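K.L.:
Can you keep this structure in mind? I'll have questions shortly.
Read-outs: derived from the displayed coordinates by stated rules, not from any lab. The structure presented is a predicted model; accordingly, all values stated were derived computationally and were not measured. For neighbour counting, all protein chains shown are included, and Cβ atoms are generated from backbone atoms with ideal geometry for every residue, glycine included.
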Amino acid sequence: MKKILVIGAAGQIGTELVPFLRKLYGESNVVASDIRDDVPPVLKDGPYEIIDCLDGKRLAEVAKAHGIDTVYNLAALLSAVAEAKPQLAWKVNMGGLLNILEVARELDFAVFTPSSIGAFGPSSPKQDTPQDTIQRPTSIYGVTKVAGELLCDYYFARFGVDTRGVRYPGIISNTAKPGGGTTDYAVHIYYDALQHKHYTCNLQPGTYLDMMYMPDATRAAVEMMEADPDRLVHRNCFNVAAMSFAPEHICAEICKHVHGFEMGYSIDPVRQAIADSWPDRMDDSAAREEWGWQHEYDLPSMTKDMLTTLKGRL
Ligand code: SER
């Protein structure tokens, strides 16, 4: 029986990954945790613990007390906020990861750590960005993601810790909003379309980025951790893709459903520079070959689902 701990569970991914995992493995077998007590109520539908990922001692206590065999490590600063606080980004993204890997080595649990399209940089091929290619990111977020990928592979090779991960595209969801990323516009646009029929986009037209709908993102994490290790040539981390679009394409898709919706532009130079350094579209054939990754949602089906779900809620 799996015993899972999700660290940094109160963010955009965790608030949907925790209920998804609890449905699969049973409520009492999935412990949610974050740095504070004031978290989305859904996290407290099962066991909940306060853990600061920088406190390895506390992490070890909780993992031991619950007999944890798998950790999903979601504690991280996203790209735009990391650029504003680079030292803190290093501390949380790398310090937290190192603590988790050390405890994993000691207690022998598996670790899922997401990487990102941000692990690539301006010298990586922009089209069909390969699984294995040059990775020289220019954002501090990307620097921590590449270093994290290497550290996870090192802990597997050196200590046999079962580390795995995927390079997520921008993730679009309708429960918790993302905090401080470059791809956030593709979430906020749906809220503003329904509430104001107008959205001001902070990225330029023509800025292509990989994106993924949350149901695919949570399933990717679980399937990665359930994958047969004998089939894995790679571990940290797999490109996973679903759709690639620029702001004008998501706008056009929303216009099909929201009559009179309009989008304007007010460019954020920090986010634009980050987005310009990232791939337009990743090649995820390694994930498809090694563990059968397959996305379900494209831009039209995601847009339909986002608008229907949000309409009911707003
Ligand atoms: N969504 C993240 C960001 O924009 C990328 O991994 O920072």
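K.L.:
Taking H as built 1.01 Å from N, whose amide H comes closer than 5 Å to the amide H of Thr129, not counting residues under 5 places away?
P.N.:
Excluding prolines and chain starts, which carry no amide H, the hits are Arg281, Met282, Asp283.
K.L.:
Under a point spin-label approximation (7 Å from Cα along Cα-to-Cβ), what is the Asp132-His259 distance to one decimal in nm?
P.N.:
5.6 nm
K.L.:
Once you list every other residue whose beta carbon is under 14 Å from the beta carbon of Asp216, what net charge do they have if Lys and Arg are +1 and Asp and Glu are -1? Walk me through the numbers before you get to the answer.
P.N.:
Working: positive: Arg167, Arg219, Arg288; negative: Glu16, Asp210, Glu223, Asp284, Glu296, Asp298, Asp305.
Charge balance in the 14 Å sphere: -4.
K.L.:
Please list the non-local residues whose amide H lies under 5 Å from the amide H of Gly179, H modeled 1.01 Å from N, same-chain partners needing a gap of 5 or more.
P.N.:
Residues meeting the criterion, in which the H sits 1.01 Å from N, are Gln12.
K.L.:
Also: Using the Cα atoms of the range 50-190, I'd like the radius of gyration and the largest Cα-Cα distance, Dmax, both in angstrom.
P.N.:
15.7, 47
K.L.:
Tell me which DSSP H helices of the chain clear both cut-offs, 20 Å or more of axial length from alpha-carbon atoms and a mean Kyte-Doolittle hydropathy of at least 0.0. Walk me through the numbers on the way to the answer.
P.N.:
Values: long enough: 140-159 (27 Å, 0.57); 299-313 (21 Å, -0.37).
Flagged H segments are 140-159.
K.L.:
Please get the size of the charge dipole for the range 1-89, origin at its Cα centre, with Cβ charges of +1 on Lys and Arg and -1 on Asp and Glu, quoted in debye to the nearest 20.
P.N.:
Details: 10 positive and 12 negative charges, 47 e Å.
Dipole size: approximately 220 debye.
K.L.:
Anything over 23 Å Cα to Cα? Flag those among Lys64/Lys177; Lys57/Lys91; Lys177/Lys197, in the order listed. Walk me through the numbers before you get to the answer.
P.N.:
Values: Lys64/Lys177 32 Å; Lys57/Lys91 17 Å; Lys177/Lys197 19 Å.
As for pairs spanning more than 23 Å Cα to Cα, those are Lys64/Lys177.
K.L.:
Among Pro205, Ala241, Met282, which residue has its Cα positioned farthest towards the positive end of the charge dipole of the range 170-302, with +1 placed on the Cβ of Lys and Arg, -1 on the Cβ of Asp and Glu, and the dipole taken about the Cα centre?
P.N.:
Pro205
K.L.:
What are the ³J(HN,Hα) couplings of the range 34-47, residue after residue, when phi is run through the Karplus curve with 6.51, -1.76, 1.60 and θ = phi - 60°? Round to Hz, x for glycine and proline.
P.N.:
3J(HN,Hα) across the range 34-47, in whole Hz: 8, 6, 10, 8, 7, 10, x, x, 4, 5, 9, 6, x, x.
K.L.:
Another question about this same structure. Cα gyration tensor of the range 128-185, axes a ≥ b ≥ c as square roots of the eigenvalues: rounded (a/c below 1.5), prolate (a/b > b/c) or oblate? Spell out each step's value before the answer.
P.N.:
Numbers: a/c = 2.17, a/b = 1.61, b/c = 1.34.
Verdict is prolate for the range 128-185.
K.L.:
May I ask for the percentage of alpha-carbon pairs in the chain that lie more than 32 Å from each other?
P.N.:
24 percent
K.L.:
Over the alpha-carbon set of the range 198-314, divide Rg by the Kirkwood Rh and report the Rg/Rh ratio to two decimals. Working shown, then result.
P.N.:
Details: Rg = 16.7 Å, Rh = 16.1 Å.
On the Cα set of the range 198-314, Rg over Rh gives 1.03.
K.L.:
Across 10 Å bins from 0, what is the distribution of all Cα-Cα pair distances for the range 133-277, in whole percents?
P.N.:
Result returned by the calculation: 10, 34, 32, 17, 6, 1.
K.L.:
Related question: With a ≥ b ≥ c the root eigenvalues of the C-alpha gyration tensor of the range 66-133, is it rounded (a/c under 1.5), prolate (a/b larger than b/c) or oblate?
P.N.:
Numbers: a/c = 2.96, a/b = 1.53, b/c = 1.93.
Oblate is the answer for the range 66-133, as a/c is 1.5 or above yet b/c matches or exceeds a/b.
K.L.:
Around Ser277, under 13 Å between beta carbons, what's the net of Lys plus Arg minus Asp minus Glu among the other residues? Write down the numbers at each step before the final one.
P.N.:
Numbers: positive: Lys126, Arg136, Lys145, Arg271; negative: Glu83, Asp276, Asp280.
Summing Lys and Arg as +1 and Asp and Glu as -1 gives +1.
K.L.:
What order do you get for 223-234, 4-15 when each peptide is scored by the mean count of other beta carbon atoms within 10 Å, highest first? Show your work: numbers first, answer last.
P.N.:
Values: 223-234: 13.7, 4-15: 24.6.
By packing density, highest mean first, the sequence is 4-15, 223-234.
K.L.:
Okay, next question. If the only charges are +1 at each Lys and Arg Cβ and -1 at each Asp and Glu Cβ, what is the size of the charge dipole of the chain around the Cα centre, to the nearest 20 debye? Display every interim value, and only then the final one.
P.N.:
Details: 30 positive and 41 negative charges, 94 e Å.
So the magnitude is around 460 debye.
K.L.:
Using the crude model of +1 on Lys and Arg Cβ and -1 on Asp and Glu Cβ, and no other charge, please compute the dipole size for the range 214-314 relative to its Cα centre, in debye to 20.
P.N.:
On the way: 10 positive and 18 negative charges, 86 e Å.
Around 420 debye, computed over the range 214-314.
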